[in-house]
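Asker: Got a structure here, written out as structure tokens. Questions coming.
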Amino acid sequence: MIQFDDNTKQSLINVSKEKNLFLEGNILKIIDHNGDEEFSNYILDCIERDKDVRRKRLEITKKIQSQNNELVTWKEDHEKISLELNEEIKRTESAVLKAENAKKIALNDLDLLQKKTQTELMGNIVKVALGVIIFISLTTTGLYILSLMTSKDVDNIGTAWNNMFGILLTNAFSIVGTIMGVKYGSKKDC
């Protein structure tokens, strides 16, 4: 046990009254008050204050540990969410790239289909136009030959036949020229 002289005891008591400073810790368990009632009360007061301080420190420590556990949990949750978000961003970017590629392929297919359809349409128009021209030419020629065989005055029919062939030939070139102009005029690099 530790014993203090009367001056030291009185100094400790005065410091506690004037500056509100008290002894703390395990040393309080081994101090002998030697029957001095005022010093005994001082030691008991120090022990009570020490208990309060320790209790408050323990509460603060528990609170800090609890907050620390919450922060660790929050950090783990945050990292998990961040990882999931990054994975979702990668999936979205991949889906966007696939969609863009599919769009390019679809546009290319559509362009090829349009060109094929236009070519087929132009071919059909040329065939029909040439068929009509050939039919009218053969019919007109047949009528001219029939007129030559049946009648001696064919001057009017010959002129009409020449005009008909000129008109048919002009129309044929006009149709073919228009179709070729549309075909080459609709190219993208023009």
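The values are calculated or read from the model by the stated rules, or taken from the named source; none is laboratory data. Note that the coordinates shown come from a computational prediction; the quantities given were computed from them, not determined experimentally. As a convention, Cβ positions derive from the backbone with ideal geometry for all residues, glycine included, and neighbour counts pool all protein chains shown.
Asker: Among the residues that make up the range 26-42, is at least one of them part of a helix (DSSP H, G or I) and touching a Ser or Thr at 6+ places or on another chain (Cβ under 8 Å)? Don't jump to the end; show me each part of the working.
Answerer: Of the range 26-42, the ones part of a helix (DSSP H, G or I) are 26-30, 37-42.
Next cut, touching a Ser or Thr at 6+ places or on another chain (Cβ under 8 Å) only: 42.
Checked against the condition, which is being part of a helix (DSSP H, G or I) and touching a Ser or Thr at 6+ places or on another chain (Cβ under 8 Å), the range 26-42 yields at least one hit.
Yes or no, residue by residue, for (1) modelled with pLDDT of 75 or more; (2) in contact with a Gly (Cβ under 9 Å, 6 or more places away or on another chain); (3) of a type in the set (A, V, I, L, M):
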{"site": "Leu146", "(1), (2), (3)": "yes, no, yes"}
{"site": "Ser151", "(1), (2), (3)": "no, no, no"}
{"site": "Ile157", "(1), (2), (3)": "no, no, yes"}
{"site": "Leu168", "(1), (2), (3)": "yes, no, yes"}
{"site": "Phe173", "(1), (2), (3)": "yes, no, no"}
{"site": "Val176", "(1), (2), (3)": "no, no, yes"}
{"site": "Met180", "(1), (2), (3)": "no, no, yes"}
{"site": "Tyr184", "(1), (2), (3)": "no, no, no"}
{"site": "Asp189", "(1), (2), (3)": "no, no, no"}
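Asker: Being surrounded by 12 or more Cβ atoms within 10 Å (Cβ to Cβ) and under 24 Å from Gln118 (Cβ atoms) is the filter here; which residues of the range 135-182 pass it?
Answerer: Within the range 135-182, Asn171, Ala172, Ile175, Val176, Thr178, Ile179, Met180, Val182 qualify.
Asker: Output the qualifying pairs, or none if there are none: Cβ atoms under 8 angstrom, residues six or more apart or on different chains, first residue in the range 33-56 and of a type in the set (S, T, N, Q), second residue loosely packed, with under 15 Cβ neighbours inside 10 Å.
Answerer: Close Cβ pairs satisfying both conditions: Asn34/Gln3.
Asker: Right, another one. Filter the range 1-15 down to the residues that are assigned to a helix (DSSP H, G or I) and β-branched (Val, Ile, Thr), then identify the one that is surrounded by the most Cβ atoms within 10 Å (Cβ to Cβ).
Answerer: At the first step, the residues of the range 1-15 found to be assigned to a helix (DSSP H, G or I) are 6-15.
Within this subset, residues satisfying the condition of being β-branched (Val, Ile, Thr) are 8, 13, 15.
Numbers: Thr8: 11, Ile13: 17, Val15: 13.
Step by step, filter the range 1-15, then rank; the result is Ile13.
Asker: When you go through Glu120, Glu18 one by one, which is the residue that is exposed (fewer than 10 other Cβ atoms within 10 Å of the Cβ) and in a helix (DSSP H, G or I)?
Answerer: Numbers: Glu120 fails: exposed (fewer than 10 other Cβ atoms within 10 Å of the Cβ).
Checking each option against the conditions leaves just Glu18.
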